[in-house]
Structure formats: C-alpha cells, structure tokens
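Inspection log for the structure reproduced underneath, given as structure tokens.
The values are calculated or read from the model by the stated rules, or taken from the named source; none is laboratory data. Keep in mind that this is a model prediction, so the values were computed, not measured. Cβ placement follows ideal geometry from the backbone for every residue including glycine, while neighbour counts extend to all protein chains displayed. For the accessible areas, the whole protein counts, side chains as well, though only heavy atoms, and no ligand, DNA or RNA atoms are used. Shrake-Rupley method; radii C 1.70, N 1.55, O 1.52, S 1.80 Å.
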Amino acid sequence: MLAPKCISNFTVEWVGLAAIALLDAIWAQAIGFHLIVSPSDFVMASAALSLLIAARRLRAERAAFVLEYFCLSLGATAAFGVLSYLATASAYGPLLDARFLAIDRAMGFDWPALYHWVMAKPELALVLQLLYASILVQALIAGVTLGLRGEQRKMRELFRVIFVASFITCIGAMLFPALGPFKIFDVHGRGAFLADMEHLLTHQNLTFKLSELTGVVSFPSFHVVVALAYAWALRRAGRVGQIMLVLNMGMLPSIPIFGGHYLVDAIAGAITMLLSLAIVKAVPVLWNRLVEAAGEAPATAGA
C-alpha cells in the first residue's frame, strides 16, 4: 500500500542524495574540480517536477510516486556521476590493468578472443549491444512498474541498493584504477569514456560539462550492479518481472564486450550488489534494535 499523503515519499533518500551533493561540493573544492552547468541540464528535471506537482494536486498518488522516484533518480545520476569523476581524479595509485588481466587469464577468460568471436557474428553482436544499452530503458520500466503497483517499500529498497552500490563503485574507481580492455587491446571505435578517464588521471585542468559526463568506473562494474538489482527488485512483478529477468541475464554476457570490462570487474560488480543489498536489509534491523535498547535504558534506570 502507498503511504499516507506527505511532502515526500522518499524523505530519507532525498537526505542521502543531499549528503552526496554536499560531498561532491567539498571534494571538488579540495581538488580544484570545476563543473560547467547550463540551463538545458535542468530541462528534464524541471519537466518531471512540474508533472509531479500536477499529479499531487490531482491526488494521483501512484503517478506522483513514480514521478518523484524519477526526479530522485535524475538527481542521483548527476550526483554520483560527479562523484565518480572526483574519485577517478583522486586515484594516485598505479593502474591495475595488468593485474586484472592476469586474474582473468588465471580463470581461463580470454577477453580479446571472446571480443573477436562475438564481432565475427554480426547478429549476435547486435543483440548483445541492444541488451547492454537496454539498461536505460530498464530504469524507466522498473520505476513505472513498481510505482504503479504501489510497491513503495520495494522501490525504496531498490533505490537504496543502487545508492549504496554507486558509492562503493566510486570508491572502487579511486582505490583500484584501471582503463580496461578497450585501452589495453587498442580496440578502435570503442571506449568513448577513455578520453575522460585518462584526462582525470592526469589530475590537471579538471573542468567538465555536466551534460557530457560519462561512465568512468571500471572496477567494479556498475552495469552488473544495476542488472542484478533490477532483476531482484522485479522478481515478483509478474510478466514484466520475468521479461526483466531474461533481459538482465542476457545483458550480463554483453558487459565485458560492450562495456570494456574485465571478467574480474563483473564479478566485483556482483559482489558489490550483494553487499549493498545486505547493508540495505541490515540497517533497518540494527536501527530498530538501537531504538529499542535506547527505550529500555531509561526504564531500567528508573527501576
């Protein structure tokens, strides 16, 4: 069921997002990072916010719930996009590509062989590329499906899992820097993100446009995180959930090829999702125990 009417259905999530935005501002100031923002960057958010206000006035609660989640997701995309750039710009350790490649080979995974095998089959390559790109559509499908079903609790959990995982992957980009197979194997026409990654790792002239930010996290793979998170959140959503499960299981093999990831990146992404889910599930339990303990303390003292 939907919660009673209130200012926001995602108060805790907005507070968390504000904390990330504040972290972005402090971190950017500390390392001399400059973000160029233009009015056009806010067009989509402004439109979504206008629809949200209209939905609330019309008392269309489920539509308002979906629209607020969409606004929250837009904000999170921007905030964590900036955080990923800040983290990469703060990576001063050696690049770990050689180590990751060695781990892949120790597991029997041959990235260039797989890449060339897939590219030699145009139909398969097209299907995998479409599956890889479907993550953008899936974000919208997940929000609309769970929102219209009134699954507010599940929506909060999904956002929190992705929130925690986003933070972990950004820290991963700083602690375990790598450019990925596209760079190591000199794959032409792939890896548009490499220019920004290499620029960030120079730690010089850190000025970027918000509208041009791209994915700069190699380890762990955020694509794997999101694929597993959507499959988990929609597992009981009927036919839509079944379709999403198939899409995401099909997407996983596309991630090393079209995301420019090592196999170890994907494995780390899966571990990150599971860890984030465990944290999201554990925090309310621990919080309730602390509240109960705090409530019992005065009673014990009075006795």
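Rounded, prolate or oblate: which fits region 102-186 when a ≥ b ≥ c are the square roots of the eigenvalues of the alpha-carbon gyration tensor, with rounded for a/c under 1.5 and prolate only if a/b beats b/c? Since a/c reaches 1.5 but b/c is at least a/b, the shape of region 102-186 is classed as oblate.
Grouping the Cα pair distances of region 1-147 into 10 Å bins from zero gives a pair-distance distribution of 9, 24, 26, 24, 14, 3 percent in increasing distance order.
Percent of C-alpha pairs per 5 Å bin in region 188-303, short distances first: 2, 10, 13, 13, 13, 12, 10, 8, 6, 5, 4, 3, 1, 0, 0. Heavy atoms of the protein chains alone define the surface here; on that basis region 132-226 has 44 Å² accessible area per residue at 1.4 Å probe size. With both labels modelled 7 Å from their Cα along Cα-to-Cβ, the Leu274 to Gln204 distance reads 4.3 nm.
Centre-to-centre separation between the Cα atoms of region 200-258 and those of region 86-121: 17 Å.
Here the simple spin-label model places points 7 Å from the Cα toward Cβ, and for Thr214 and Lys121 these points are separated by 2.7 nm. In the chain, the C-alpha radius of gyration followed by the widest Cα-Cα span (Dmax) gives 21.0, 78 angstrom. Taking the accessible area of the chain, probe 1.4 Å, and keeping the other protein chains in place, the carbon and sulfur fraction comes to 69%.
What are the semi-axes of the equivalent ellipsoid of region 130-256, taken as the square roots of 5 times the eigenvalues of the Cα gyration tensor, listed largest first and rounded to whole Å? Provide the component values of the computation, followed by the final result.
Working: eigenvalues 185, 56, 31 Å².
In descending order the semi-axes read 30, 17, 12 Å.
Extension gain Gln29-Leu136, at 0.36 nm per residue separation less the Cα-Cα distance, in nm?
Details: separation 107, 0.36 × 107 = 38.52 nm, distance 3.10 nm.
35.4 nm is the gain from fully extending Gln29 to Leu136.
About its Cα centre, the dipole of region 92-172 is roughly 380 debye, where the only charges are +1 on Lys and Arg Cβ and -1 on Asp and Glu Cβ.
So what is the calculated 222 nm ellipticity per residue for the chain, using -39500 (n - 2.57) for each DSSP H run with n of 4 or more, over all residues, to the nearest 500 deg cm²/dmol? Provide the component values of the computation, followed by the final result.
Values: 14 runs with 219 residues, N = 303.
Helices in the chain give a 222 nm mean residue ellipticity of -24000 deg cm²/dmol.
When Arg160, Arg57, Arg62, Arg289 are compared by accessible surface with a 1.4 Å probe, the order from highest to lowest is Arg57, Arg289, Arg62, Arg160. The peptide list 89-95, 105-111, put in order of mean Cβ contacts within 10 Å with the highest first, becomes 89-95, 105-111. Neighbours of Lys281, meaning other residues whose beta-carbon lies under 14 angstrom from its beta-carbon, give a summed charge of +4 when Lys and Arg score +1 and Asp and Glu score -1.
So if I place +1 on the C-beta of Lys and Arg and -1 on the C-beta of Asp and Glu, and nothing else carries charge, what would the dipole magnitude of the chain be about its Cα centre? I want it in debye, nearest 20.
Numbers: 21 positive and 18 negative charges, 214 e Å.
So the magnitude is around 1020 debye.
Strictly greater than 16 Å: what percent of every Cα pair in region 1-66 meets that? That fraction is 64 percent.
Please give the per residue accessible area of region 1-111, computed with a probe of 1.4 Å over protein heavy atoms only, in Å². All intermediate terms of the calculation are to be shown ahead of the outcome.
On the way: 6290 Å² over 111 residues.
Using a 1.4 Å probe on heavy atoms only, each residue of region 1-111 averages 57 Å².
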